[in-house]
Amino acid sequence: MPINPTRMELLRTKKRATLAKKGHKLLKDKRDGLMQEFLKIVRDAKDLRARVDELLSASLKHFVLAQASMQPQAVALLQSLRPYEISLSVSQKAMMGVTIPTFAVSLQEKDEQPGVWETSRELDIALASFQTLLPLLLQLATVEKTAELLAQEIETTRRRVNALEYVLLPQLKTNIKFIRMKLDEQERAAIMTTMAVKRKIA
C-alpha cells in the first residue's frame, strides 16, 4: 500500500509499532503459559490413562471369570438388569482464554439389584471395579479434551506471534525508515531551496 510520508503518518506508524510490540510480548507470554499447562496436562493424561488401562484390564478379567463360574441363565438374567441410573452433567471453565468442558457422573441405585445368590465373588469385584472406572474414564476424557483444545490454542497463538514477529513488525520498521528518509529528503530540498532564494536575493 502507498505510504504518505508525513510527520503525522510517522507518529501513527510509530504508535502502531509500539502496540504491535506490546501485543507480541503478551502473545509470547500467553504461548509460553499455554505450553506449560499443556505439558502438565499431557503428563496427567499419561498417568491417568495408565491407571484406567490397568483397572479396565483387571475389571474385564474378573468379569470373564464371573461368567465362567456362573450358570448361563444367571448371566442372562444379570445382563437384563439395570441396577443403576446414570446421570451425566457437563460444565465449562476457562483456562487462559480457552473454554474447557468438564464431565461429571453420578450413579443412583435402582430397585433392580441382583440377589446375593445370583452373583459370584468375581462378579461383585468386577462391578465394583466398573463403578470406580466410570468416573475415571470421564476424567480422562476431560483431560484429553483439554489437551486437544490447548494444542489448538497454542497453534493459533504461535501463528499470531509469528505474524507479528516476521511480517507486521518488520513491515512497520521498514515504513518508519522509509518515511524518515522521505522527510529528510524533503527537509534537505527545503534547505536547498531556501539557500537558492537567499543567493538570488543577495
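Each value in this text was obtained by applying a stated rule to the coordinates, not by laboratory testing. All figures in this text were calculated on a predicted structure; none of them were measured in a lab. Neighbour counts are summed over all protein chains in view; Cβ atoms, including those assigned to glycine, are modelled from backbone coordinates with ideal geometry.
Annotation: for a label point projected 7 angstrom from Cα along Cα→Cβ of VAL42, residues of the stretch 131-153 with backbone N closer than 15 Å are 144-153.
Relative to the Cα centre, the charge distribution of the chain, modelled as +1 at Lys and Arg Cβ and -1 at Asp and Glu Cβ, gives a dipole magnitude of about 3020 debye. In a Debye calculation with equal point scatterers on the alpha-carbon sites of the stretch 7-194 and no solvent, what is log10 I(q)/I(0) at q = 0.10, 0.13, 0.17 Å⁻¹? These q points yield log10 I(q)/I(0) values of -0.66, -0.85, -1.09.
Spacing of the modelled spin labels on ALA68 and VAL105, each 7 Å from Cα toward Cβ, amounts to 2.6 nm. Helical runs assigned H by DSSP (4 residues or longer) give the chain a calculated mean residue ellipticity at 222 nm of -27000 deg cm²/dmol, each run adding -39500 (n - 2.57) before division by the residue total.
Distance between the pseudo-spin-label points of LYS25 and ALA190 (7 Å out from Cα toward the beta carbon): 3.4 nm. With neighbour counts taken as other beta-carbon atoms within 10 Å, the residues ILE201, ILE176 rank, fewest first, as ILE201, ILE176.
State to the nearest 20 debye the size of the charge dipole of the stretch 121-202 about its Cα centre, where the only charges are +1 on K and R beta carbons and -1 on D and E beta carbons.
For this selection, approximately 1320 debye.
Net length available on complete extension from GLN171 to ILE3 is 59.3 nm, with 0.36 nm assigned per residue and the Cα-Cα distance removed.
Near ILE100, the amide H atoms lying under 5 Å from its own belong to LYS93, ALA94, MET95; only residues 5 or more places off or on other chains count, and H is placed 1.01 Å from N. Here the peptides 161-171, 187-197 are ranked by packing, the mean other Cβ count within 10 Å, and the order with the highest first is 161-171, 187-197.
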